[in-house]
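The values are calculated or read from the model by the stated rules, or taken from the named source; none is laboratory data. What you are looking at is a predicted structure, and each value in this text was computed from that prediction instead of being measured. Reconstructed Cβ throughout: ideal geometry from the backbone, glycine too, with neighbour counts over all protein chains shown.
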Amino acid sequence: MFVTSWLTIKSPGISTIVNMKAILIIILISSGTLLAQTAVPSAVAYLNQPPPGLASKVFAPGTVSLKDHYEYGSVFSNDSREFYYAVIINGKPQIRCIRFENNAWTAPKTVISSDKYEYNDPFLSPDGQRLFFISDRAADGTGPKKDFDIWYIERKNDGWSDAPVNAGPGINTAKNEYYMSFTNDGTMYFSSNGGTDAANDKNYDVRFSKYSGGQFQPSQKLSTAVNTEHYEADVFVSPDEQYLIFCTERPGGLGKGDLYISFKSKTGEWQPAKNMGPAVNSEGYEFCPFVSSDGKYLFFSRDGDIFWVNAEVVEGLR
């Protein structure tokens, strides 16, 4: 917080009003306080892992991807100094974070967990001030489990706020909402099976919701270029809203669940989605895609581990 009072400086024949706020800003900038944190040195970027090529590989084995744990749903902050992911502990997913502090990466620390509720699918808002996730928690945080909604906590000086906030009726329904991502203007892309019945309960569809007036507006379902009668979920939208990657369980894929990609046409329509192929997909189940803010790497989850691959695989599918 800056002081906004005014300071009068007098010199012979001149009375100059100086904005104290401006003085403090100059002082803080000169001392480096207001400057953005220095970038993570390239030699130790991405948890000091050797970068992948055009064949996917496990990310940070022994640190993030552990043999005796199930990890999934990962995201780096825009400045690449924070890495969030979900891990199942004692049957309950929780969200952990690894930070770059004092020129080194910290050990994983739990951000939010519960013996009663599940917390997973972490994703940061475009400004990094909110951490979104899904949870089956009760509205009051004490009642019985319910369907999965999208929630968020807010960044504070000493970490994150304690009480999760529901993303609201523009997003959440009486059924499940999964995995979210954002465009630069705050539009949320996510998936939901809201409105389905017992016969088509697994028919999750990709939707989007504009953020306006301090709240998410009623969501809209994407066209049949993306959605089918099958499962479509875990959608990552590029910040410029020019492509999206999502998980689907369509027949004819390489495995139980594959990642597909759709590009936006010059006239603004989503083009028919296509399978991302063997550079990404396998006989297993691929889900929870995320492309780093520098555009270099595609992260995704497969059968209990987090993988990454050079994002040239994305451009090669245009």
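Restricting to the stretch 242-252, name every residue that is surrounded by fewer than 17 Cβ atoms within 10 Å (Cβ to Cβ) and either at pLDDT 95 or above or within 18 Å of D205 (Cα to Cα) (or both).
Q242, R250, P251
Can you confirm whether G268 is at positive phi, surrounded by fewer than 20 Cβ atoms within 10 Å (Cβ to Cβ), modelled with pLDDT of 95 or more and not aliphatic (A, V, I, L, M)?
yes
If you go through the stretch 134-164 one residue at a time, how many are loosely packed, with under 13 Cβ neighbours inside 10 Å and aliphatic (A, V, I, L, M)?
2
If I go through the stretch 193-226 residue by residue, how many of them are touching a Gly at 6+ places or on another chain (Cβ under 9 Å), without any contact (Cβ under 8 Å) to a residue 40 or more places away in the chain and either surrounded by fewer than 12 Cβ atoms within 10 Å (Cβ to Cβ) or farther than 22 Å from W270 by Cα (or both)?
Final tally of qualifying residues: 1.
All but one of (1) on the phi > 0 side of the Ramachandran plot; (2) buried (at least 17 other Cβ atoms within 10 Å of the Cβ) hold for G277, so report the exception by its number.
The single condition G277 does not satisfy is (2).
Are any of the residues in the stretch 209-216 within 18 Å of K274 (Cβ to Cβ) and assigned to a loop (DSSP other than H, G, I, E, B)?
no
Answer with yes or no whether P126 is over 27 Å from P278 (Cβ atoms), in a loop (DSSP other than H, G, I, E, B) and at pLDDT 95 or above.
Taking the combined requirement at face value, the residue satisfies it.
Just one of (1) among the small types (G, A, S); (2) crowded, with 18+ Cβ neighbours inside 10 Å; (3) closer than 18 Å to V44 by Cβ trips up S77, so point out which.
The failed condition is (2).
Would you confirm, using the coordinates I've provided, whether V87 is in a strand (DSSP E or B), surrounded by fewer than 22 Cβ atoms within 10 Å (Cβ to Cβ) and not small (G, A, S)?
Criteria not met by V87.
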